[in-house]
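Visitor: Quick one: structure below, then a few questions.
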Amino acid sequence: MLSPHEFATLILVRQAPDQLDMNRAEFDALLERQLVMLEHCASGARRAYLSGKGRTFLDALHPGGTPRVSRQAAGNGGAERSETPLVPGSRTPDTVVPGHAG
């Protein structure tokens, strides 16, 4: 089981790997669990990225981490449009029905 800090670090690797402090114990724990990998660049810098196992883990526990394609865009062959995932307690946008005054 991951600690809250390890989980947050895993999300950070997915969303902002350049802002990651790779000297933290949480990052080492993720490396040991093979949830993240290191890429050594030609300049000598290191870059963290999610392993397949880490990506699967986050997709299962944090599905809002990647943009979703709306059903409307996917169903009618229109352009893709990402939806913002709903957060419990948040308001949903008002629905406008063409031809009906509200």
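The values are calculated or read from the model by the stated rules, or taken from the named source; none is laboratory data. Everything numeric here is computed off the predicted structure, so don't read it as measured data. Reconstructed Cβ throughout: ideal geometry from the backbone, glycine too, with neighbour counts over all protein chains shown.
Visitor: List the helices (runs of 4 or more DSSP H) that sit entirely inside the range 1-87 and contain at least 1 residues that are at pLDDT 90 or above and over 12 Å from the mean Cα position of the chain (by Cα).
Guide: Result: 4-15, 25-32, 52-61.
Visitor: Just wondering, is there one or more residues in the range 31-38 that are in contact (Cβ under 8 Å) with a residue 24 or more places away in the chain and under 20 Å from Pro63 (Cα atoms)?
Guide: Yes, because at least one residue in the range 31-38 is in contact (Cβ under 8 Å) with a residue 24 or more places away in the chain and under 20 Å from Pro63 (Cα atoms).
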